[in-house]
Amino acid sequence: MKPTSTIIGAVHQQPNHDSALKHVSGEAAYIDDLPAPRDLQEAVLVLSPHPHARIVSINYSKALIMPGVSGVVTADDIRGKNDIAPVFSGEPLLAETLVEYAGQPIAAVSADTYDQALAASKKIEIEFEVLRPVLSIEEAWKKKSFTFDPLEITFGRPLEAIAEAPKVLEGDISCGGQDHFYLETQISMAVPGEDQDLTVYSSTQHPTEAQKGISRVLDIPQHCVLIEVRRMGGAFGGKESQSTIIAALSALLARKVKKPVKLRLRRDQDMLMTGKRHDFLVKYQVGFSQNGRILGLVVDLAMRSGNVADLSSGVLTRAMSHVDNAYFLENALIRGWPCKTNTVSNTAFRGFGGPQGMLAIETVLEHIAVELQKDIGAVRAANWYKKTIRNTTPYKQVVKDNILPDLVAELSQKADLIQRQREIDEFNN
Amino acid sequence: MTVEKSMMNLIINGDNFSPNVPPSTTMLDYIRDHLGLKGTKEGCGEGDCGACTILRISDGKLHAINSCLMQVGQADGGQFITVEGLAKANQNILTPIQLAIAEGGGTQCGFCTPGIVTALFALIQSDEEITEEAIHETLAGNLCRCTGYLPIIEAAKKCDRTKINFNATAPTTHSEKYQFGGQTRHAPSTLRDLLEILSSRPDAVLFSGGTDIGLRFSKGREKPDRLIDASRVKELNFIEETKDSIRIGAAVTYTAALPEIERLYPSFADIIRRIGSKQIRNLGTIGGNIGTASPIGDTLPCLIALDAKLTLFSLNGVRELAIEDFFKDYRKTSLGRGEVIHSVSIPKLASDQIFRSYKIAKRYDQDISTVIAAFRLELTGQIIKDLRIAFGGMGPVPARSPTTEKFLENQVWNEDSLVTAGDKIADDFSPISDHRGTSEYRLTLATNLLQKFFWDISAPNTNSDLFKS
């Protein structure tokens, strides 16, 4: 069949990225590359050095008399609500009387230049009363310290199925987090306009969220806030809700000093104060048959939510609903524990909990394979969703158009899997 | 003494500039904020991500450097190309590597792209053969978070070689003393001048490549009153070979030293290729690595195991010192006031001597070492006649392991001897625990590296990729 070459963007074509030529020439403008508006101020944040502490006092009078300084903002300057929570509520933009992670923003200072703002930021005096932090998932879990109510999915009769199963295993696995390391650090430039208007150039994946956050913090209607996003220098989930913090801080300062304000986090501050992929601790108990079929499963997924919920409820739900991966779990109890720790609040990151959930079930299957001395491929195949029976997920969705068995068979044949496996076994023996 | 000018001069993308900025201003800030060339990006501000890569023209060749680490005072008198300058020199047509990356899906967010384009351009324009390995080595200093690199590597392979003329002019002279905004930068051309300035200004910040100290200006935003750039001193820029040794001037860059080290000590060259990235090696110097005296300075255990000697100069005269005696305590050396490292002399390997060095880090490229080990072995038959063992990352200074060396002297060269000797390493070192590894991990590494050395020598046919750390 002749390809239809006239369809633009058709599957068989590989059109260029629409900015590709500007990327390679260096002309593609990111926010820090835009022409500076008149009187542009640069901002620097003051972050908490403690993971858990009460703020006794903040004194920024010495910062205000530093060269070039136009203003300082703290939580006291927030006229609206000091809350930028994307899902729940009660997630402060700037710490008021309590800091809950090392790296939490407490104040922001603006000046004519970045170096001036940085020098002034070091003159802000904050007195703390240091409190004991909760730093591990285990400790928070044991203390039942959560950022929102734990979640649970029950399907079938898991406890009975495990009790009746011929074989039972227990185990746990932990997986670490990850920094997004978008090459362009978080940045926002807020330019005040007429009346209450603000134009905010934000490196964000979620302009609406930024608009909502700024409107809430400044107590101005959402229609007064225009969010402009031309492109981002990478985000990967790290600029879904976290970018609102940066956008709102630049807006708050711009409103106070009545000048345009740019807040570009340098890499160290970016890594300290913004959320990352959730690390998880997983515990499981599984009952299974002699051929490796899972009969009953209890999985506890404990995540490091951090100091507040942010997007953790979505991530946890996704992790829980990915525990089945490609396998029919006839009887399953899947629990999610959003552990509140005195660490930065974790956030969206490619996969959004999916990888952590899939890691859990794959670990269970590996464990079964080792116990039964069976090939992992065979154990997986014994548990696959089938086409007409054994095809309902723990959250009661029927799996349709299941091509998995055919796909794996075709791939195995094309990749000469059996022969390769034999060669590997021979090499290793 | 040459005439002191009070001006700095640069050629960037073919245009002349006389920057009026504090000399410790980074080139990145200068080209972005003062010249408005916004193609070059800041990703990390510490020479790790490569988004700020620009090209320096010297000896008619293009050298990629991190503009976030290079100060304008260092750049004075030099000629540079930024991403904007590539098409400009090519009749305003994008160069082949730019087109290949654009058309091959080599950009996604695009933020790392200008750095990748410039780094690869230096390779495409060079005489070096474009192998998979050469591409990887070129890109070791450029982080890309979106593409997974594959389309970029494919683009580099497919792209036509270029010989674009950048109208490299004769190097303009640099100003030996430049003052701006309360800051003074000296860049003496002779050793005599360097020593005189240093003895009258012992508080000045002395550096050569500035890839370590440069962080104080890029990230730290420090503006010290006085800087001394030693990289232009003629007497520190030489490589001299005799029958028995090779002597390398303190201001010789890793890149310039690499071919000689490759020829004489291939295993040492493998370590040097893992120092930072090409961008870092094009700026950083052998003398700087010694002078900064980091416990994990990558060349140091190698130089100690090779029994290198340092030549130190001051106005009071010259002295020679075994490099192992140079390191006194954490980042403290035996350099006296007003004294500088002139050169390092490394004995050549005798025909019966074997040298190996190993670097263990969390990543293969562009990473700080957890532990470095270096060994120089001399066998008589199967008996160990002489073995020098040096480690980095095992204590406050890079150092030999005298107990282990003594134990192995006159022992039979076999696995048993080396396994037993491994236990002695703990007698010489009490490593710290930090985010790169616990004390126990470091001791285990050191012990295992001693065994690895044995297998590396005695079973050379084993797939060496398995040993790649």
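Values in this text are rule-based calculations from the coordinates and carry no lab data. This is a predicted model, so every value here is computed, not measured. Neighbour counts run over all protein chains shown; Cβ positions are idealised from the backbone, glycine included.
In a DSSP loop and with at most 11 other Cβ atoms within 10 Å, the trypsin sites (Lys or Arg not before Pro) in segment B:170-275 are B:243. Here the translational diffusion coefficient of segment A:187-327 follows from Stokes-Einstein with Rh set to the Kirkwood radius across Cα pairs; for 10 °C and 1.306 mPa s it amounts to 91 µm²/s.
Peptides A:37-43, A:309-315 ranked from most to least packed give A:309-315, A:37-43, packing being the mean of other C-beta atoms within 10 angstrom over each peptide's residues. DSSP bridge analysis restricted to the protein assembly as shown gives an antiparallel fraction near 85%, rounded to the nearest 5. Helix A:207-218 and the long axis of chain A differ in direction by around 40°, with both axes built from C-alpha atoms.
Treating r as the C-beta distance of residue B:161 and residue A:13 and R0 as 22 Å, the FRET efficiency rounds to 0.15. Available extension along the chain between residue B:136 and residue B:414 is 96.4 nm, counting 0.36 nm per residue and deducting the alpha carbon span.
Please label the shape of segment B:402-456 as rounded, prolate or oblate, based on the square roots a ≥ b ≥ c of the eigenvalues of the alpha-carbon gyration tensor (a/c under 1.5 means rounded; beyond that, a/b larger than b/c means prolate, else oblate). Note, shape of segment B:402-456 comes out oblate. Within chain A, DSSP assigns beta bridges of which about 80% are antiparallel (rounded to the nearest 5). Averaged over the residues of A:25-38, the number of partner chain Cβ atoms lying within 10 Å of the residue Cβ comes to 5. With Cα atoms as the point set, segment B:155-272 shows a radius of gyration and Dmax of 18.4, 56 Å.
The charge dipole of segment B:117-271, taken about its Cα centre with unit charges on the Cβ atoms of Lys, Arg (+1), Asp and Glu (-1) only, comes to about 740 debye. As a ratio to 2.2 N^0.38 Å, the alpha-carbon radius of gyration computed for segment A:142-205 takes the value 2.30. Normalised by 2.2 N^0.38 Å, where N counts its residues, the alpha-carbon radius of gyration of chain A equals 1.18.
Look at the stretch B:41-48: the mean tally of other chain Cβ atoms within 10 Å of its residues' Cβ atoms is 5.
Over all directions, the projected convex hull of the C-alpha atoms in segment B:183-348 averages 9.2 nm² in area. The Stokes-Einstein estimate for segment A:183-269, based on a Kirkwood radius over Cα pairs and taken at 20 °C with 1.002 mPa s viscosity, is a diffusion coefficient of 172 µm²/s. The angle separating the long axis of helix A:354-372 from the principal Cα axis of greatest extent in chain A is about 30 degrees.
Starting from one equal scatterer on each C-alpha and no solvent at all, send me the Debye-based log10 I(q)/I(0) for segment B:352-469 at q = 0.15 Å⁻¹, two decimals. Here the Debye-derived log intensity ratios amount to -0.64. Farthest towards the positive end of the charge dipole of chain A, among the residues A:207, A:191, A:70, is the Cα of A:207, using unit charges on the Cβ of Lys, Arg, Asp and Glu.
Between residue B:243 and residue B:196, the C-beta separation translates, for a Förster distance of 41 Å, into a calculated FRET efficiency of about 0.70.
Once the gyration tensor of the Cα atoms in chain B is diagonalised, the equivalent ellipsoid follows with semi-axes of 38, 28, 19 Å, ordered largest first.
For segment B:10-158, the fraction of C-alpha pairs more than 17 angstrom apart is 58%. Sorting the segments B:122-130, B:390-398, A:419-427 by their mean number of nearby beta carbons within 10 angstrom, highest to lowest, gives B:390-398, B:122-130, A:419-427.
With 32 Å as the limit, the listed pairs A:22/A:258; A:387/A:414; A:340/B:332; B:332/B:362 have A:22/A:258; A:340/B:332 beyond it between alpha carbons. Helical content alone sets the calculated 222 nm signal of the protein assembly as shown at -8000 deg cm²/dmol, taking -39,500 (n - 2.57) per DSSP H segment of four or more residues and averaging over every residue.
About the centre of its Cα atoms, segment B:352-469 shows a dipole size close to 320 debye [charges on the beta carbon of Lys, Arg (+1) and Asp, Glu (-1) only; nearest 20 debye]. If the chain linking residue B:385 and residue B:316 were pulled fully straight, counting 0.36 nm for each residue of separation and taking away their Cα-Cα distance, it would gain 20.9 nm. When you count the other C-beta atoms within 10 angstrom of each residue and take the mean per peptide, B:277-286, B:373-382 line up highest first as B:277-286, B:373-382.
By how many degrees, 0 to 90 and rounded to 10, does the Cα axis of helix A:242-257 deviate from the longest principal axis of chain A? With both axes taken from Cα atoms, the answer is about 10 degrees.
Extending 7 Å from the Cα toward the beta-carbon at both residue A:136 and residue A:378 defines two label points whose distance is 3.9 nm. For chain A, a Gaussian network of Cα nodes joined below 10 Å ranks A:349, A:146, A:181 by mean-square fluctuation, and the top entry is A:181. Summarised in one figure, the compactness ratio Rg/Rh of the protein assembly as shown, Cα atoms and Kirkwood Rh, is 0.99.
Can you find, among B:397, A:87, B:236, the residue sitting farthest towards the positive end of the charge dipole of the protein assembly as shown, where Lys and Arg contribute +1 and Asp and Glu -1 at Cβ? Looking along the dipole axis, the top candidate is A:87. Here the convex hull built on the C-alpha positions of segment B:209-257 has a volume of 82 cubic angstrom per residue. In debye, nearest 20: dipole of chain A around its Cα centre with unit charges on the Cβ of K, R (+) and D, E (-)? The dipole of chain A has a size of about 380 debye. Hey, which of these cross-link pairs are over 27 Å Cα-Cα: A:62/B:223; A:122/B:223; A:212/A:396? Distance filter (> 27 Å) returns A:212/A:396.
Taking every residue in A:231-241 and counting other chain Cβ atoms within 10 Å of its Cβ, the average works out to 3.
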